[in-house]
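Report on one structure; see the data block that follows.
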Amino acid sequence: MMLTGGALLALAARTALAQSAPPAEAAPRLEDRAGGYCDFVRGVADAEAALELAPDVYASIGVVNAGEASGGTSDSALGKPKPRVTAGLSYDFVGLYRGNALRKRAEAECRRQRAMAMLEAAVHQGSGLGEDAALAARGRVLDEALPRAEELVTALRNDLREGRSTLEELNAVQVRLDTLRALATNTALARERLAGRPRVAEGQRLETLLEEMRTADDAVESYSGGLRRAEAWQLSLRGGYDEVFDVEQTTPFSGQLMLTYNLGHLWQGSANARAREGRRRSTIEDVSGVSQRVGELMAELRAVQRTEEGRLREVSTLVTDLEGQLREVESLQTREIRRFRDYLLLELTRLRAEQAYLRAHVESLATFVGAGTP
């Protein structure tokens, strides 16, 4: 019977191992720089939980006082040793809690590392955070406008050959075209430079990521404290084969249910509370930690955001003014007016590209640090 019970314990432990295993994770997100760490902590937790969730197999051979073995009756003289063999299974039911807590702590460590990796990526980008979307917006405007600008300069060169324009007019428009080309080249180079840096997903609030990291870190300490407290308890079921040779036994089996409690558990609560609060404070007070560096970055980004909002208002005013001038000269057909119109078109293209950059940059910064100041 006891061997059958031991087999059931083993089966129950295998079932617990299978059921508590974390489900297969979905494909990692783009720029997931915490995947390796998550695999590491989950593997460590699974290895430790396997020992907690599975039963112990024991076996021993030796000699025992026959009088004690037979219940202390007068049938066997005390002090006469008899060979004894025991074998069976032992299972600590508190291990179910410890194994589950180990895996939950690993998941909390994974969440903390994901948030920390994203925050580290943001710190690495520095004041360039959110600039990728702005550069892309500027690039789209320039890509659409440059072919038309090339046509204007080509037409002006033809007019110069035919005597309908002057070299000064060509040079003035050519300088504007070269400015647009240089802006497009610098935009492309800046995008390539940013592409080599770790990226931060759009729409991620840095404050939210920071709170996620702190919450996950607090959960790690909470599970660690729970594991420390669980060490004070043991509820074990032990059973198996037990035979003393040369002693008559009706059933050579034994079984035992044992509960143990360490009185040190009474003082663990306050110590764990101090450890948890100390860990929370240490993450905030560490001058070289992520929290401090992210706080400095957010202050810098908010200053950039205010500056960019001011520039956006100024550039938008200039764009509106030039668009009004362009509408006024469109109806005039003199040669001088047409040259001025070409000059306005090129200058307006540059300002529209700058306006698109500033608008996208302000919107990106708003997703990372929140709405700007009114």
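The values are calculated or read from the model by the stated rules, or taken from the named source; none is laboratory data. Treat the numbers as computed from the prediction; the structure is a model and nothing was measured. Cβ placement follows ideal geometry from the backbone for every residue including glycine, while neighbour counts extend to all protein chains displayed.
Could you check, for the range 132-147, whether at least one of its residues is in contact with a Phe, Trp or Tyr (Cβ under 7 Å, 6 or more places away or on another chain), among the small types (Gly, Ala, Ser), in contact (Cβ under 8 Å) with a residue 40 or more places away in the chain and surrounded by 19 or more Cβ atoms within 10 Å (Cβ to Cβ)?
yes
All but one of (1) closer than 30 Å to Ser60 by Cα; (2) in contact (Cβ under 8 Å) with a residue 40 or more places away in the chain; (3) of a type outside the set (Gly, Ala, Ser) hold for Lys80; state the number of the condition that does not hold.
Here Lys80 meets the rest and fails (2).
Residues checked against (1) closer than 17 Å to Asp143 by Cα; (2) loosely packed, with under 14 Cβ neighbours inside 10 Å; (3) of a type in the set (Val, Ile, Thr); (4) at pLDDT 80 or above:
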site	(1), (2), (3), (4)
Glu168	no, yes, no, no
Arg176	yes, no, no, yes
Thr185	yes, yes, yes, yes
Leu210	no, no, no, yes
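Which residues, taken from the range 214-262, are touching a strand residue (DSSP E or B) at 6+ places or on another chain (Cβ under 9 Å) and among the hydrophobic types (A, V, I, L, M, F, W, C)?
Ala232, Trp233, Leu235, Leu237, Val244, Phe245, Val247, Phe253, Leu257, Met258, Leu259
Counting only residues that are acidic (Asp, Glu) and closer than 29 Å to Ala59 by Cα, which one in the range 217-243 is modelled with the highest pLDDT?
Glu231
Quick check, is Arg138 outside any helix (DSSP H, G or I) and either modelled with pLDDT of 90 or more or not assigned by TED's automatic domain parsing to the domain that holds Asp39 (or both)?
When the stated conditions are applied, Arg138 does not pass them.
With (1) modelled with pLDDT of 90 or more; (2) assigned to a helix (DSSP H, G or I); (3) in contact with a helix residue (DSSP H, G or I) (Cβ under 7 Å, 6 or more places away or on another chain) as the list, and Ala271 as the residue in question, which single condition is left unmet?
Among (1) modelled with pLDDT of 90 or more; (2) assigned to a helix (DSSP H, G or I); (3) in contact with a helix residue (DSSP H, G or I) (Cβ under 7 Å, 6 or more places away or on another chain), the lone unmet condition for Ala271 is (3).
Report, by residue number, each residue of the range 215-226 that is of a type outside the set (Gly, Ala, Ser) and buried (at least 18 other Cβ atoms within 10 Å of the Cβ).
Matches in the range 215-226: Asp217, Val220, Glu221, Tyr223.
How do the pairs read when you match residues in the range 362-374 that are part of a helix (DSSP H, G or I) and at pLDDT 80 or above with residues anywhere that are of a type in the set (Phe, Trp, Tyr) and surrounded by fewer than 17 Cβ atoms within 10 Å (Cβ to Cβ), using Cβ under 9 Å and keeping only pairs 6 or more apart or on different chains?
Close Cβ pairs (under 9 Å, with a partner that is of a type in the set (Phe, Trp, Tyr) and surrounded by fewer than 17 Cβ atoms within 10 Å (Cβ to Cβ)) do not exist here.
Here is a yes/no grid of residues against (1) assigned by TED's automatic domain parsing to the domain that holds Leu119; (2) surrounded by 12 or more Cβ atoms within 10 Å (Cβ to Cβ); (3) in contact (Cβ under 8 Å) with a residue 60 or more places away in the chain:
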residue: Ser270; (1), (2), (3): yes, no, no
residue: Ala273; (1), (2), (3): yes, no, no
residue: Glu277; (1), (2), (3): yes, yes, no
residue: Arg281; (1), (2), (3): yes, no, no
residue: Met298; (1), (2), (3): no, yes, yes
residue: Leu318; (1), (2), (3): no, yes, no
residue: Asp321; (1), (2), (3): no, yes, no
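Residues Ala24, Ala7, Ala101: which one is assigned by TED's automatic domain parsing to the domain that holds Arg214, modelled with pLDDT of 95 or more and not in a strand (DSSP E or B)?
Exactly one residue qualifies, and that residue is Ala101.
Pull up the range 196-214, narrow it to residues that are free of Cβ contacts under 8 Å to residues at least 40 places away in the same chain and assigned to a helix (DSSP H, G or I), then point me to the one that is farthest from Glu109 (Cα to Cα).
So, considering only residues that are free of Cβ contacts under 8 Å to residues at least 40 places away in the same chain and assigned to a helix (DSSP H, G or I), the one farthest from Glu109 (Cα to Cα) is Thr208.
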